[in-house]
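J.: After the structure tokens below, expect a handful of questions from me.
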Amino acid sequence: MPIPSRNTLAVVGAGPVGLEAALAALDAGFDVHVFERGEVGAHPLAWGHVRMFTPWRMNVGPVSRAHLEAAGWTMPDAEALPTGAEFAEKCLQAIAALPALAGRVHTHAQVIHASRHGALKGDLIGDPARADHPFRLLVRDGGGRENFIHAFALVDASGVYGQPNWAGDGGIPARQELYLAPQMAYHLEDVLGLRRARYAGKRVMVIGSGYTAATVVTGLVALADDAPGTSVLWATRESADALYRGIADDPLPARAALDAAARALVTASNGVVTHVGGAVVDGFEYNSATHRYRVMLHVGGQPRREEVDHVIVNTGFGPDNALYRELQVHECYASRGPMKLAAAILGAAGAAGGDCTKVPAFGADVLANPEPNFWIVGNKSYGRNPGFLLQTGYEQVSGVVAALAKALEPAAAS
């Protein structure tokens, strides 16, 4: 195998943080290539109909913005809230099209596995010599062809949206969920647009209690205004009293508005939404004759069955660690993010009062893994913790690129 240059860097994921990392590393003298299993900005495009909580000024990375403006780009109204589609099309696709990234962003190129060339996971534990073995990436293109790519540094910015959590009790699939999952929904359904016909006039079960679930439920309530017969059975593990209590003096008005709307739906009588708190999902059945689901729940320890036309599972998302299973990664046993970062976030969350804007972006020393020159950044670095902000990811990138450049100095000097 030809040994790659020491300044080679592979970035997994062409989302906002991955693209920011690529440009920052290019500016620092790295030979960078980005691998994206779908299109540029695939995750924001997937929830493209939803407006973000954060305004444009918080969503564009400083390095990306500098490159874009040098190329003649003008940022939209800094205080406006873009939709996912607007963010992807007006910003992320513009970044990927920059001359600096020409030939460096590879779409429909999925990194399946990462390892070290000539070293197993258990080799060279704590030995700096492990960094002398380049990363070996198995990459599959859109036609199913596979190739190996090698680089001396690796940044995983692949996010979590592609890995939704299961509906079942304890976080594992409910009975028959694995079988029925392909026909159920696990993401932010566009119930007022592309998926309107599917849900109009139907009884829909939504499972989950985060902002994703709240966005879908409020959308279904709006749909019911135009499509009589639309109703929602909203099942959550928590009781109504514990849900959507809001953040004191929330600096993000759109988030505060969603909190208020969702709380009203779970605490007040509503002709469209029936909230079932304290519920855990035991199993699903599907009647192919009636095209309806029977959902088996336990509510307050008692069995309960509900029949619905459709099921939407919005129980959150988590990182896919299969990519780096052969690397030396210290993973948090609770959130599945990098261990030191997970502990730092946990320590800061209480003082922040649930407001992610008050949780600092920790430095490269906290982001570091035992694996030399391997970094998990962006939403994936938070694991199952939902309090990630793009601003945090951009600050992570700044520290990581500086650390990589410092690690490269001895090799460059020699």
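J.: Treat the count of other C-beta atoms within 10 Å as a stand-in for reagent exposure and order 79, 285, 371 from fewest to most.
T.: On the way: 79 9, 285 14, 371 21.
Fewest-to-most ranking of 79, 285, 371: 79, 285, 371.
J.: Relative to the present Cα-Cα distance, how much length would full extension add between residue 349 and residue 66 at 0.36 nm per residue of separation? All intermediate terms of the calculation are to be shown ahead of the outcome.
T.: Values: separation 283, 0.36 × 283 = 101.88 nm, distance 3.16 nm.
Gain on stretching residue 349 to residue 66: 98.7 nm.
J.: Rounded to the nearest 5, what % of the DSSP beta bridges within the chain are antiparallel ones?
T.: On the way: 32 of 62 bridges.
If we restrict to bridges inside the chain, about 50 percent are antiparallel.
J.: Now for a different question. Could you tell me which residue out of 173, 70, 252 lies farthest along the dipole of the chain toward its positive end? Charges go on the beta carbon: Lys and Arg +1, Asp and Glu -1, centred on the Cα centre.
T.: The residue sitting farthest along the positive end of the dipole is 173.
J.: Let me ask another. Hey, got the dipole for the range 169-313? About the Cα centre, +1 on K and R Cβ, -1 on D and E Cβ, debye to the nearest 20? Could you put the intermediate results ahead of the total?
T.: Values: 14 positive and 16 negative charges, 64 e Å.
Using Cβ point charges on Lys, Arg, Asp and Glu, the range 169-313 gives about 300 debye.
J.: Here is a follow-up. Convert 20 °C to kelvin, take the viscosity as 1.002 mPa s, use the Kirkwood radius over C-alpha pairs of the range 29-163 as Rh, and evaluate the Stokes-Einstein diffusion coefficient in µm²/s, rounded to a whole number.
T.: On the way: Rh = 17.0 Å.
In µm²/s, the coefficient is 126.
J.: Can you flag which of 358/406; 121/380; 358/380; 90/358; 340/380 are past 23 Å Cα-Cα? Show your work: numbers first, answer last.
T.: Details: 358/406 29 Å; 121/380 21 Å; 358/380 19 Å; 90/358 28 Å; 340/380 14 Å.
The pairs that break the limit, which is 23 Å between Cα atoms, are 358/406; 90/358.
J.: Let me ask you something else. Which of the aspartates and glutamates could be linked to residue 202 by a straight reach, that is with a Cα gap under 12 Å, when you skip same-chain ones fewer than 8 residues away?
T.: The reachable aspartates and glutamates, counting only those whose Cα sits under 12 Å from residue 202, are 307, 309.
J.: Next question. Lys/Arg Cβ at +1, Asp/Glu Cβ at -1, dipole of the chain taken about the Cα centre: which of 128, 321, 310 is farthest positive-ward?
T.: Farthest along the dipole direction, towards plus: 310.
J.: Extent of the range 112-240 along each principal axis, from alpha carbon coordinates, in Å, largest to smallest?
T.: Principal-axis extents of the Cα atoms in the range 112-240, largest first: 66, 37, 26 Å.
J.: In addition: Roughly what % of DSSP beta bridges within the range 169-313 run antiparallel, to the nearest 5? Could you put the intermediate results ahead of the total?
T.: Working: 15 of 30 bridges.
Expressed as a percentage, antiparallel bridges in the range 169-313 total about 50.
J.: Okay, moving on. Within 10 Å of each residue's Cβ, count the other Cβ atoms and sort 148, 374, 30 from fewest upward.
T.: Fewest-to-most Cβ neighbours within 10 Å comes out as 148, 374, 30.
J.: What angle, in degrees between 0 and 90 and rounded to the nearest 10, separates the Cα long axis of helix 16-27 from the longest principal axis of the Cα atoms of the chain?
T.: 10 degrees
J.: Once phi is turned into ³J(HN,Hα) by the Karplus curve 6.51 cos²θ - 1.76 cosθ + 1.60 with θ = phi - 60°, what whole-Hz value does each residue of the range 259-269 show in order, with x for glycine and proline?
T.: 4, 5, 5, 5, 5, 4, 6, 8, 10, 10, 5
J.: Assuming a viscosity of 1.306 mPa s and a temperature of 10 °C, what translational diffusion coefficient in µm² per second does Stokes-Einstein assign to the range 173-317, Rh being the Kirkwood radius over Cα pairs? List each step's numbers first, then the result.
T.: On the way: Rh = 15.5 Å.
Approximately 102 µm²/s, per Stokes-Einstein.
J.: A follow-up question, please. Once you treat every alpha carbon in the chain as an equal point and sum by Debye, what is log10 I(q)/I(0) at q = 0.10, 0.12, 0.13 Å⁻¹?
T.: -0.73, -1.02, -1.16
Coordinate-derived values only; no laboratory data. Only a predicted model underlies this, so the values are computations on that prediction, with no experimental measurement involved. Because the Cβ atoms are built from the backbone with ideal geometry, glycine has one as well, and the counts that use them run over all protein chains shown.
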